[in-house]
Amino acid sequence: MIDLRVLRDDPEAVRASQRARGEDGAVVDRVLDLDVRRRAAISEFERLRAEQKSRGKDVAKAKGEEKQALLADVKELSERVKAAEADSAALGAEFDAALRSIPNVVEDGVPPGGEDDYVVLEEVGAHPQLPEGLDAWRDHLELGEALGAIDTARGAKVSGSRFYFLTGVGARLELALLNLAVSRAVAAGFTPMITPTLVKPEVMAGTGFLGAHAAEVYKLEEDDLYLTGTSEVALAGYHSDEILDLSAGPRRYAGWSACYRREAGSYGKDTRGIIRVHQFHKVEMFSFCRPEDAAAEHRRLLGFEKDMLAAVEVPYRVIDTAAGDLGSSAARKFDCEAWVPSQGAYRELTSTSNCTTFQARRLGIRERVEDGAGTRPVATLNGTLATTRWLVAILENHQQADGSVRVPAALQPFLGLEVLQPVG
RNA sequence: GGAGGGCUGGCCGAGUGGUUGAAGGCGGCGGUCUUGAAAACCGCUAGGGAGGUACCCACUCCUUCCUCAUGGGUUCGAAUCCCAUGCCCUCCGCCA
């Protein structure tokens, strides 16, 4: 939810943000109109309610005939109060729905446009040379099958398309990667968390995932719960309806969880291997910080992501995602995309979003204002530290002519192997 | 799944229809006293919304509404009565 004050004081800024996202600016004027009508209705209700209360006190004091007369009088007033309250509530709900439908106002500097209008901020690391003796790069699935690491055929047999088993060194490699991520997060001051992956509707809605991308989310109709696509959801909800003390700096968490995504609308895309799957694991950074510190914290999270990518020794580039590709909660998003040799393309491995106060406003996460009374919403940010998809980049970039895969030095202590060898 | 008990402010805990947004205590903040501290004593101390006041914003101030788990209902009037839901606790059953 965006800041109503911003909408009132500078509606043009919100319209401009909507345009940059390629969305409708008219909703701004609809909200402003509803705001005026809502406030009038509230005033009317409050006026009547105050009258009812003060007359009620007279009733309490009165006795006998006098009391009967007052009762008849105040009975009629009670009806008007109910009607005014209903009006006010209806307008309030309409206003609220309209306000919530507006995605976060994009940060200055975000490139306008859609998915393909990103700006490349930097490219890091040289693309690997095709190992001598190979005519073409083996892709991660071919490598994974030869290593006895990935089994998509049985994944499909058991659970359907876009499911897989990680087997043997594949399972070990994923655990090593995620453990490396957790240990680096801990070293950087993050509190590790293992989070619920089923959450209530208000938490899912609070993080903004039930907006335009609701079709991506698995829902358990019977239990009125949602399966999370990232531990960001549970971590954002962790401090909901709380007042945090951020005077000592941001609260930083590193969530470990399975992630579930329906991948609706991506039929035929990335059907091979484990690039795009319905279930995977992820270590996610999450920060609660003061709004004025959010942009700096965002760069910090990006820095941690780059450190992790350096640790697994894959070439990558950093992009500044265009406004239309941000998702409703984010004001800005940086993605790190790793080089995938078999595709000759960069593929997203990490994504860090600055959600400013958008999620906190919906979830009721605040801090005390130092001088003077009152509270204000905090800022929330998230970023990826490792996911199952990273195995794709690791396997492909470190493949050797004989089908073996070199293990990056940083992973070796967690894996206990220097090279992954083909089986059989 | 069945049977009970409970859910009040940062915490504990009174309150069973009418000036109760809520006694009392703890904690916190400020003050008096003291060389300093402690103790003692005094005062203050929930969150949110709307309107007004103001040179814009903010603060202060004023008015007012909402919130005693949540949502409905009864009533002129609900923390207090009724219904539903959620959560916590105890016991039984079931599963692991």
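Some points to look at:
- Meets criteria (surrounded by 17 or more Cβ atoms within 10 Å (Cβ to Cβ), modelled with pLDDT under 90 and over 30 Å from residue A:324 (Cα atoms)) for residue A:60: no
- Of the residues examined, residue A:268 is not one that is open to solvent by 10 Å² or more (accessible area, probe 1.4 Å), part of a loop (DSSP other than H, G, I, E, B) and closer than 18 Å to residue A:333 by Cα.
- Options A:143, A:210: the member that is within 23 Å of residue A:278 (Cβ to Cβ) and either among the polar types (S, T, N, Q) or assigned to a loop (DSSP other than H, G, I, E, B) (or both): A:210
- Subset tally (residues that are near RNA strand B (Cβ under 7 Å from one of its atoms) and either within 30 Å of residue A:5 (Cα to Cα) or of a type in the set (A, V, I, L, M, F, W, C) (or both)) for the stretch A:49-77: 7
- Listing of strands (runs of 3 or more DSSP E) fully contained in the stretch A:310-369 that carry 1 or more residues being crowded, with 24+ Cβ neighbours inside 10 Å and more than 16 Å from RNA strand B (Cβ to nearest atom): A:316-320, A:332-340, A:345-354
- Unique match (being within 15 Å of RNA strand B (Cβ to nearest atom) and either assigned to a helix (DSSP H, G or I) or open to solvent by less than 80 Å² (accessible area, probe 1.4 Å) (or both)) among A:120, A:105, A:110, A:81: A:81
- Selection within the stretch A:406-424: residues that are outside any helix (DSSP H, G or I) and either at pLDDT below 95 or within 33 Å of the chain's Cα centre (by Cα) (or both). The member of this set that is surrounded by the fewest Cβ atoms within 10 Å (Cβ to Cβ) is A:424.
- Residue selection: residue A:284 fails the criterion of being open to solvent by less than 10 Å² (accessible area, probe 1.4 Å), part of a strand (DSSP E or B), within 20 Å of residue A:104 (Cβ to Cβ) and at pLDDT below 95.
- Unique match (being over 30 Å from residue A:31 (Cβ atoms) and in contact with a helix residue (DSSP H, G or I) (Cβ under 8 Å, 6 or more places away or on another chain)) among A:84, A:62: A:62
- Some residue of the stretch A:292-299 being within 19 Å of residue A:389 (Cα to Cα), more than 16 Å from RNA strand B (Cβ to nearest atom) and either open to solvent by 30 Å² or more (accessible area, probe 1.4 Å) or not aliphatic (A, V, I, L, M) (or both): no
- Identity of the residue in the stretch A:218-236, free of Cβ contacts under 8 Å to residues at least 60 places away in the same chain and touching a helix residue (DSSP H, G or I) at 6+ places or on another chain (Cβ under 7 Å), that ends up most open to solvent (accessible area, probe 1.4 Å): A:224
- Exactly one residue among A:195, A:152, A:191, A:167 is surrounded by 14 or more Cβ atoms within 10 Å (Cβ to Cβ), within 30 Å of residue A:211 (Cβ to Cβ) and not hydrophobic (A, V, I, L, M, F, W, C), and that residue is A:195.
- Qualifying residue in the stretch A:92-102 (condition: open to solvent by 50 Å² or more (accessible area, probe 1.4 Å), in contact with a Gly (Cβ under 8 Å, 6 or more places away or on another chain) and modelled with pLDDT of 85 or more): yes
- Checked against the criterion of being surrounded by fewer than 17 Cβ atoms within 10 Å (Cβ to Cβ), away from RNA strand B (no atom under 12 Å from the Cβ) and either farther than 21 Å from residue A:324 by Cβ or in contact (Cβ under 8 Å) with a residue 12 or more places away in the chain (or both), the stretch A:34-48 contains not a single residue that satisfies it.
- Here is the figure for the stretch A:1-33: residues that are more than 14 Å from RNA strand B (Cβ to nearest atom), in a helix (DSSP H, G or I) and in contact (Cβ under 8 Å) with a residue 12 or more places away in the chain total 13.
The values are calculated or read from the model by the stated rules, or taken from the named source; none is laboratory data. In this text the structure is predicted, and so the values were computed from the model without any measurement. So basically every Cβ, Gly included, is an ideal-geometry build from the backbone, and we count neighbours across all protein chains shown. Calculation scope for accessible area: heavy atoms of the full protein, side chains included, ligands and nucleic acids excluded. Shrake-Rupley method; radii C 1.70, N 1.55, O 1.52, S 1.80 Å.
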